[in-house]
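A quick write-up on the structure given underneath.
Derivation of every value follows stated rules applied to the coordinates shown; laboratory data play no part. Because the structure is predicted, anything quoted here is derived from the model rather than measured. Note: ideal-geometry Cβ built from the backbone for every residue, glycine included; neighbour counts use all protein chains shown.
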Amino acid sequence: MLLTVLREKLVCECGRTGYLKLREDDQPLSGTWESYSLEGFEGSSLTITSSGSIPGDKLAYLRPLCPQCSQWGKVKYASRA
Ligand SMILES: [Zn+2]
């Protein structure tokens, strides 16, 4: 079982930071899948299997809600700011 966890840093306009967490699994029996979830922000999670399609903007799909300023749409990738 190969399980990879990657984190991409996110930052809200109010200064709060969190992470977009990607878990990637490569299992011979169940196939490859990826799972996205948020750390530090409220929001949805997203699981993609090898047969599924990937939303172009994962961050928009997850709709991160900042618990500090209670606003949507203010969270951006820190590395791309
Ligand atoms: Zn905020």
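Would you mind calculating the relative contact order of the chain from Cα pairs under 8 angstrom and at least 6 residues apart, reporting the percent as a whole number? Spell out each step's value before the answer.
Numbers: 157 pairs, mean separation 22.2, N = 81.
Across the chain, relative contact order equals 27 percent.
Counting Lys and Arg as +1 and Asp and Glu as -1, each charge on the Cβ, what is the dipole of the chain about the Cα centre in debye, to the nearest 20? Working shown, then result.
Details: 10 positive and 9 negative charges, 71 e Å.
Dipole of the chain, to the nearest 20 debye: 340 debye.
Would you kindly compute the Cα radius of gyration of the chain and its largest Cα-Cα separation (Dmax), both in Å?
Rg, Dmax (Cα atoms, Å): 13.6, 44.
Given the rule -39500 (n - 2.57) for each run of at least 4 DSSP H residues, summed and divided by the residues of the chain, what is its mean residue ellipticity at 222 nm, to the nearest 500 deg cm²/dmol?
Counting only the DSSP helices, I get -1000 deg cm²/dmol.
Have a look at Glu13, Glu34, Glu42 and tell me which one the Gaussian network model of the chain (Cα, springs below 10 Å) gives the largest fluctuation.
In the Gaussian network model the winner is Glu13.
Choose one of Trp33, Leu22, Trp72: the residue whose Cα lies farthest towards the positive end of the charge dipole of the chain (beta-carbon charges +1 Lys, Arg; -1 Asp, Glu; about the Cα centre).
The listed residue farthest towards the positive side: Trp72.
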